[in-house]
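First up is the structure itself, then whatever we jot down about it.
The values are calculated or read from the model by the stated rules, or taken from the named source; none is laboratory data. None of these values were measured; they are calculated from a predicted model. No Cβ is skipped: glycine too gets one built from the backbone with ideal geometry, and neighbour counts run over all protein chains shown.
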């Protein structure tokens with residue numbers, strides 16, 4: 001009897017040992033899985049942190065720009081022209097416009113660089129010698145046009161001296177920010193030795209100071225005056241395309257998903273459509289660009305580089321994403337809700353619009369906003385419909401020539417003036433990321449708000 005009890009006890013201990021061994025193995029496996037998952041999360045966050053740190057560290061200096069504080073005298077001797085024409089009694093509109101255009105042409109022929117040079121020479125240290133070309137190299141070339149526009153807007157400036165904050169040239173901006181190696185020889189420098197010395201003295205004396213780079217946000221792109229190049233034209237182009245995507249892709253995508261999920265009969269045709277929608281979601285975006293160039297540009301003759309063509313291409317690209325996400329939200333609704341609505345006598349459309357859509361609206365809204373944000377960051381399809389063209393004015397309608405923020409980033413990244421545009425490229429990326437993060441934050445906020453409201 002004692003041997004039997006000992007054997008039973010030994011067998012129980014063996015089983016307990018096996019259980020403990022298996023439990024330890026399961027705990028070890030769980031720990032390894034948790035460690036692997038945590039490592040993956042840390043690596044992902046690390047890569048994101050490296051990406052953002054690199055972009056922000058390179059882009060932040062671009063939001064500061066060198067300005068030259070000068071007093072510009074609109075000298076009548078330099079601006080030797082007749083007063084601005086005024087419309088006389090009985091003069092036709094056409095004659096007055098012709099007279100005004102002739103005055104503006106005469107105005108454009110004046111030497112506005114002489115005004116810029118005179119204002120800078122008044123600021124030179126005593127005994128400092130520098131020729132006109134070197135002196136003008138520290139000021140952005142677009143500033144002479146700005147002085148002309150100031151005079152056109154207010155001809156009474158003739159004979160007056162007004163303080164003007166002029167943009168320093170891109171080379172001066174690079175020199176003062178230290179993006180150019182000061183140890184390089186004169187042959188490798190972008191500024192002459194007197195211009196570099198003058199820039200340093202002006203900066204020490206406060207004539208040149210750093211301020212917020214408003215030109216980056218309010219100006220259009222510029223090739224002749226890189227310091228005044230901005231994102232305003234690209235931003236408006238992206239805004240027009242975004243509105244087109246919202247107006248077309250969201251309602252069409254949501255309506256298509258509702259029909260396929262709730263109303264379409266289960267048939268081979270429906271299955272064929274579903275398979276092709278899933279395939280379209282995996283098609284590279286550049287293929288949609290080829291489609292847009294062939295259909296919208298060549299066949300429908302839409303203007304090249306127009307936001308309308310770009311918006312239609314992005315609409316085609318975004319539709320599959322919105323349809324798939326909306327159908328996934330509809331599939332998540334319990335069948336009991338549908339059966340209860342139908343059992344109470346509701347029609348199928350009443351069941352969908354009164355009971356199903358209110359439940360899925362937060363998810364559909366989130367999917368739509370994320371799809372639109374994805375379209376905002378697309379570049380490849382826009383390049384194929386000509387939206388990489390240089391556009392020197394802000395588009396006023398979807399039919400005007402324009403570019404987009406991602407395309408502007410692409411163009412600046414390939415600019416030959418790398419010392420200056422590398423920082424501007426990173427700053428443009430920061431602006432684009434800010435817009436996309438804002439759209440995603442709005443999507444999350446609206447989803448959370450609507451879910452709580454239910």
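Looking at 260, 280 in this structure, which one is out of contact with any strand residue (DSSP E or B) (no Cβ under 7 Å at 6 or more places or on another chain), in contact (Cβ under 8 Å) with a residue 60 or more places away in the chain and surrounded by fewer than 18 Cβ atoms within 10 Å (Cβ to Cβ)? Break it down into steps so the answer makes sense when it comes.
Details: 280 fails: in contact (Cβ under 8 Å) with a residue 60 or more places away in the chain.
Result: 260 is the single residue among 260, 280 that is out of contact with any strand residue (DSSP E or B) (no Cβ under 7 Å at 6 or more places or on another chain), in contact (Cβ under 8 Å) with a residue 60 or more places away in the chain and surrounded by fewer than 18 Cβ atoms within 10 Å (Cβ to Cβ).
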**Message:** Restricting to segment 127-161, give me the number of residues that are farther than 18 Å from residue 111 by Cα and in contact with a helix residue (DSSP H, G or I) (Cβ under 8 Å, 6 or more places away or on another chain).
**Reply:** 3
**Asked** Does segment 245-261 contain any residue that is farther than 30 Å from residue 385 by Cβ, modelled with pLDDT of 90 or more and in the same structural domain as residue 120 (by TED's automatic domain parsing)?
**Response** no
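Have a look at 366, 396, 403 and point out the one that is over 30 Å from residue 178 (Cβ atoms) and without any contact (Cβ under 8 Å) to a residue 60 or more places away in the chain. Outline the logic, then answer.
Numbers: 366 fails: without any contact (Cβ under 8 Å) to a residue 60 or more places away in the chain; 403 fails: without any contact (Cβ under 8 Å) to a residue 60 or more places away in the chain.
None of the other options fit; the residue is 396.
Evaluate the following for residue 356: is it in contact with a helix residue (DSSP H, G or I) (Cβ under 6 Å, 6 or more places away or on another chain) and either in the same structural domain as residue 318 (by TED's automatic domain parsing) or in contact (Cβ under 8 Å) with a residue 40 or more places away in the chain (or both)? First the steps, then the outcome.
Details: in contact with a helix residue (DSSP H, G or I) (Cβ under 6 Å, 6 or more places away or on another chain): no; either in the same structural domain as residue 318 (by TED's automatic domain parsing) or in contact (Cβ under 8 Å) with a residue 40 or more places away in the chain (or both): yes.
For residue 356, the condition - in contact with a helix residue (DSSP H, G or I) (Cβ under 6 Å, 6 or more places away or on another chain) and either in the same structural domain as residue 318 (by TED's automatic domain parsing) or in contact (Cβ under 8 Å) with a residue 40 or more places away in the chain (or both) - is not met.
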**Message:** So the check is Cβ under 8 Å with 6+ separation or different chains; which pairs have a first residue in segment 191-211 that's at negative phi and in contact (Cβ under 8 Å) with a residue 24 or more places away in the chain and a second one that's surrounded by fewer than 14 Cβ atoms within 10 Å (Cβ to Cβ) and assigned to a helix (DSSP H, G or I)?
**Reply:** 192/186
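Evaluate segment 61-81: report whether one residue or more is farther than 23 Å from residue 222 by Cα and in a helix (DSSP H, G or I).
Within segment 61-81 (the criterion being farther than 23 Å from residue 222 by Cα and in a helix (DSSP H, G or I)), the answer is no, since none of the residues qualifies.
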**Message:** Of the conditions (1) closer than 30 Å to residue 406 by Cα; (2) modelled with pLDDT under 85, residue 155 satisfies every one except a single condition; which number is it?
**Reply:** (1)
**Request:** Considering each of 385, 394 in turn, give the residue that is surrounded by 18 or more Cβ atoms within 10 Å (Cβ to Cβ) and assigned to a loop (DSSP other than H, G, I, E, B).
**Result:** 385
**Request:** Give the residue that is surrounded by the fewest Cβ atoms within 10 Å (Cβ to Cβ), with candidates limited to residues of segment 402-423 that are in a loop (DSSP other than H, G, I, E, B) and modelled with pLDDT under 90.
**Result:** 416
**Fill in**
Within segment 329-338, restricting to residues that are free of Cβ contacts under 8 Å to residues at least 12 places away in the same chain and within 15 Å of residue 261 (Cα to Cα), the one that is surrounded by the most Cβ atoms within 10 Å (Cβ to Cβ) is 334
**Complete:** Over segment 179-200, the set of residues in contact with a helix residue (DSSP H, G or I) (Cβ under 9 Å, 6 or more places away or on another chain) and outside any helix (DSSP H, G or I) is 179, 180, 181, 182, 189, 190, 191, 192
**Asked** Looking at 314, 304, which one is assigned by TED's automatic domain parsing to the domain that holds residue 261, outside any helix (DSSP H, G or I) and touching a helix residue (DSSP H, G or I) at 6+ places or on another chain (Cβ under 7 Å)?
**Response** 304
**Item:** Single unsatisfied condition, residue 202 versus (1) surrounded by fewer than 21 Cβ atoms within 10 Å (Cβ to Cβ); (2) more than 25 Å from the chain's Cα centre (by Cα)
**Value:** (1)
**Request:** Could you tell me which residue of segment 224-251 is nearest to residue 327 (Cα to Cα), considering only residues that are part of a helix (DSSP H, G or I) and free of Cβ contacts under 8 Å to residues at least 40 places away in the same chain?
**Result:** 251
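One line per residue, one yes/no per condition, for (1) touching a helix residue (DSSP H, G or I) at 6+ places or on another chain (Cβ under 9 Å); (2) part of a loop (DSSP other than H, G, I, E, B); (3) closer than 20 Å to residue 375 by Cβ:
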residue: 253; (1), (2), (3): yes, no, yes
residue: 256; (1), (2), (3): yes, no, yes
residue: 266; (1), (2), (3): no, yes, no
residue: 272; (1), (2), (3): no, no, no
residue: 279; (1), (2), (3): yes, no, yes
residue: 288; (1), (2), (3): yes, no, yes
residue: 292; (1), (2), (3): yes, no, yes
residue: 295; (1), (2), (3): yes, no, yes
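Which of the residues that make up segment 172-189 are more than 18 Å from residue 426 (Cβ to Cβ) and without any contact (Cβ under 8 Å) to a residue 60 or more places away in the chain? Steps first, answer last, please.
Filtering segment 172-189 for residues more than 18 Å from residue 426 (Cβ to Cβ) gives 172, 175-176, 181-189.
Within segment 172-189, 175, 181, 182, 183, 184, 185, 186, 187, 188, 189 qualify.
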